[in-house]
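Trainee: Just passing along the structure, written as structure tokens.
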Amino acid sequence: MGSLYDVVIIGGGSMGIATAYYLAKAEQKVLVVDQFTVPNIYGSHHGETRILRLGYGNGGTYVPLVKESLALWKELEEETGRTLYNQTGAISVGYPGSDFVKETIDSSIKYNLEYEKLDAKSLMERWPGITVPDDYVACYDPNSGFLYSEECILAYKEECEKLGVTILENQPVLDLQITDKEVTVLTADTTFVARKAVVTAGAWMPKLLPDLELEIKPLRKTFGWFETSEENLYGSQFPCYVFDTHDVGHYYGFPDFNGKGLKIGRMDLGEVVDPDELNRDFDSTPKEEADLRSFLSRYMPQANGHLNAGKVCLFSMTPDEDFIIDFHPQHENVLIAGGFSGHGFKFASAIGKTLCELAVQGVSNQDISFLSLNRFNKAMK
Ligand SMILES: Cc1cc2nc3c(=O)[nH]c(=O)nc-3n(C[C@H](O)[C@H](O)[C@H](O)COP(=O)(O)OP(=O)(O)OC[C@H]3O[C@@H](n4cnc5c(N)ncnc54)[C@H](O)[C@@H]3O)c2cc1C
């Protein structure tokens with residue numbers, strides 16, 4: 001049996017490695033265990049980039065968290081000298097009456113964010129790579145952009161190592177034995193003991209904590225990089241984008257900032273899968289490429305070129321698409337953070353800090369009551 005840790009983190013992905021960093025800064029003795037490497041290409045954080053939008057739905061409840069997150073990402077950039085954030089701006093586009101665009105604008109007003117409302121004509125004039133029906137509406141936010149997701153995880157990992165965190169890679173956690181005093185973590189090779197645990201296992205949360213019957217469904221999602229036919233239409237001057245269309249669905253993507261092509265993925269739909277058994281080949285069905293092209297051909301026709309690369313990734317969906325961050329209902333020494341529902345990465349910095357505060361002090365300054373586990377029990381009663 002190994003030495004006693006203050007906190008063990010199960011899953012060193014987006015949320016886990018950020019939590020480890022803040023715990024180490026708070027002088028905790030920390031162990032991170034991941035079944036793969038940190039970062040890796042099997043969970044929810046690979047594929048180079050993740051959008052950070054400041055204006056947000058759900059009555060704007062996430063805006064304080066995203067503001068704090070952005071400030072913390074910038075701090076991490078300064079501390080490490082790495083480039084983690086690219087402030088390209090972001091456009092939210094939709095059909096007339098789209099709740100998605102309306103909520104983005106409403107939250108921008110409520111939280112005094114900088115934004116610009118655009119009609120279809122001015123949208124297409126500003127970015128000629130975009131084609132939309134005449135009645136479409138858009139909101140542009142110049143302060144949003146994207147994070148280099150794997151770079152962010154590497155930055156935290158490097159800082160964790162400097163601060164003395166033990167990071168154990170390629171060690172699947174098979175079981176947790178929890179008492180009020182300690183948590184015993186069992187891997188195939190060995191056993192670890194810590195006073196507290198933070199479980200940040202992404203798409204594997206329901207498998208690791210079966211007794212909790214967590215309402216988290218892993219979804220198989222695909223995205224690709226497409227060659228553009230005209231230079232400068234979708235390059236560095238092009239913003240991150242999210243489109244709520246009336247005909248083909250909800251899509252998001254990134255400018256071609258490095259010559260790999262315009263990146264695009266689909267936000268809605270997706271197949272419920274077992275994260276240990278899914279097909280990880282992008283081209284396992286030709287429908288996947290065709291689906292992305294159905295958006296490009298209508299809305300960004302000059303980006304509907306050769307498919308340079310395609311990847312498969314996992315969302316962890318909750319029924320209301322809000323995260324689950326809470327103490328284990330039976331054990332105050334265990335925190336659970338999962339169900340990031342395809343929009344969690346941007347928050348990893350603030351969530352890592354919040355989980356650290358909860359683990360060390362039992363409370364956090366950040367209001368995350370809307371992310372509690374018992375909201376589902378309430379809904380059922
Ligand atoms: C295609 C795609 C696009 C996305 N776009 C955006 C976006 O634009 N903006 C945004 O904010 N968010 C986006 N997201 C969502 C965001 O990436 C996720 O919400 C976030 O990465 C989830 O973090 P996590 O820590 O829960 O999971 P992960 O980062 O996957 O980490 C979980 C870790 O737990 C480990 N683990 C699991 N089980 C075990 C075990 N038994 N033992 C040991 N280790 C274990 C895994 O190996 C993994 O490393 C996107 C996600 C995908 C898939």
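Trainee: In µm²/s, what is D for the stretch 226-266 at 4 °C and 1.567 mPa s, where D = kT/(6 pi eta Rh) by Stokes-Einstein and Rh is the Kirkwood radius from Cα pairs?
Mentor: Result for D is 121 µm²/s.
Trainee: Something else now. Arrange the peptides 229-238, 97-106, 74-83 so that the one whose residues have, on average, the most other Cβ atoms within 10 Å appears first.
Mentor: Most protected by this proxy first, the peptides run 97-106, 229-238, 74-83.
Trainee: Moving on. Running a GNM on the chain with Cα contacts under 10 Å, which residue among Val199, Val66, Val272 ends up with the highest mean-square fluctuation?
Mentor: Taking springs between Cα atoms under 10 Å, the residue moving most is Val272.
Trainee: Using the Cα centre of the stretch 1-114 as origin and beta-carbon charges of +1 (Lys, Arg) and -1 (Asp, Glu), tell me which of Gly55, Ala24, Asn40 is placed farthest towards the positive end of the dipole.
Mentor: Gly55
Trainee: Can you tell me the mean projection area, over all orientations, of the convex hull of the stretch 1-112's alpha carbons? Units nm², please.
Mentor: 9.8 nm²
Trainee: Rounded to the nearest 10 Å², what accessible area does Thr285 show when all protein chains are kept and the probe is 1.4 Å?
Mentor: Taking all protein chains as shown, Thr285 has close to 50 Å².
Trainee: Size of the dipole of the chain about the Cα centre, Lys and Arg at +1 and Asp and Glu at -1 on the beta carbon, nothing else charged, in debye to 20?
Mentor: Computed about the Cα centre, the dipole is about 300 debye.
Trainee: Given the stretch 66-112, what whole percent of its Cα pairs are spread farther than 12 Å?
Mentor: Percentage above 12 Å: 71.
Trainee: Can you order the peptides 364-373, 330-339 by their average number of other Cβ atoms within 10 Å per residue, highest first?
Mentor: 330-339, 364-373
Trainee: In the neighborhood of Pro172, defined by Cβ-to-Cβ distances under 12 Å, what is the net charge if each Lys or Arg adds +1 and each Asp or Glu adds -1?
Mentor: -4
Trainee: Here's a follow-up. Pairs to check: Lys29/Lys311; Lys29/Lys260; Lys157/Lys263; Lys29/Lys110. Give those whose C-alpha atoms are more than 32 Å from each other in this structure.
Mentor: Lys29/Lys311; Lys29/Lys260; Lys29/Lys110
Trainee: Further question: Give the residue from Leu186, Gln237, Pro218 lying farthest towards the positive end of the charge dipole for the stretch 137-237; charges sit on Cβ (+1 for Lys and Arg, -1 for Asp and Glu) and the dipole is referred to the Cα centre.
Mentor: After comparing all options, I get Leu186.
Trainee: Another question, then. Would you please calculate the Kirkwood hydrodynamic radius of the stretch 214-286 over all C-alpha pairs and express it in Å, rounded to one decimal?
Mentor: Taking every pair of different Cα atoms in the stretch 214-286, averaging 1/r and inverting gives 14.2 Å.
Trainee: Could you give the accessible area per residue of the stretch 290-359, probe 1.4 Å, as a whole number in Å²?
Mentor: About 30 Å² of surface per residue is accessible.
Trainee: How big is the shadow of the Cα convex hull of the chain, averaged over all directions, in nm²?
Mentor: Averaging across all directions leaves 18.4 nm² for the Cα convex hull.
Trainee: Over the stretch 151-222, with the other protein chains present, what is the accessible area per residue in square angstrom, probe 1.4 angstrom?
Mentor: Heavy-atom SASA per residue in the stretch 151-222 reads 47 Å².
Trainee: Next question. Relative contact order for the chain using alpha-carbon pairs under 8 Å, separation at least 6, rounded to a whole percent?
Mentor: Computed over the chain, the figure is 23 percent.
Trainee: Determine the sum of side-chain charges near Arg126: Lys and Arg each +1, Asp and Glu each -1, restricted to other residues whose C-beta is under 15 angstrom from that of Arg126.
Mentor: So the surrounding residues net to -2.
Trainee: Between beta-carbons, use under 11 Å as the cut-off and find the net charge around Gly305, counting Lys and Arg +1, Asp and Glu -1.
Mentor: So the surrounding residues net to -2.
Trainee: Next up: Report the relative contact order of the stretch 62-177, percent, no decimals, based on alpha-carbon pairs under 8 angstrom and at least 6 residues apart.
Mentor: With pairs under 8 Å counted, the relative contact order is 32 percent.
Trainee: Rounding to the nearest 10 and keeping the result within 0 to 90°, find how far the Cα-based axis of helix 149-162 lies from the longest principal axis of the chain.
Mentor: Rounded to the nearest ten degrees, it is 30.
Trainee: In the stretch 1-63, what percent of the accessible surface is made up of carbon and sulfur (1.4 Å probe, ligands and nucleic acids excluded)?
Mentor: 54 percent
Trainee: Only four residue types carry charge here, +1 at the Cβ of Lys and Arg and -1 at the Cβ of Asp and Glu. Report the dipole size of the stretch 51-141 about the Cα centre in Debye, rounded to the nearest 20.
Mentor: 40 debye
Trainee: Then there is this: Ignoring ligands and nucleic acids, what accessible area does Arg50 show with a 1.4 Å probe (Å², nearest 10)?
Mentor: Roll a 1.4 Å probe over it and Arg50 shows about 40 Å².
The values are calculated or read from the model by the stated rules, or taken from the named source; none is laboratory data. Keep in mind the model is a prediction, meaning the values are calculated, not measured. Neighbour counts are summed over all protein chains in view; Cβ atoms, including those assigned to glycine, are modelled from backbone coordinates with ideal geometry. Heads up: the accessible areas ignore ligands, DNA and RNA and are worked out on the full protein's heavy atoms, side chains in. Shrake-Rupley method; radii C 1.70, N 1.55, O 1.52, S 1.80 Å.
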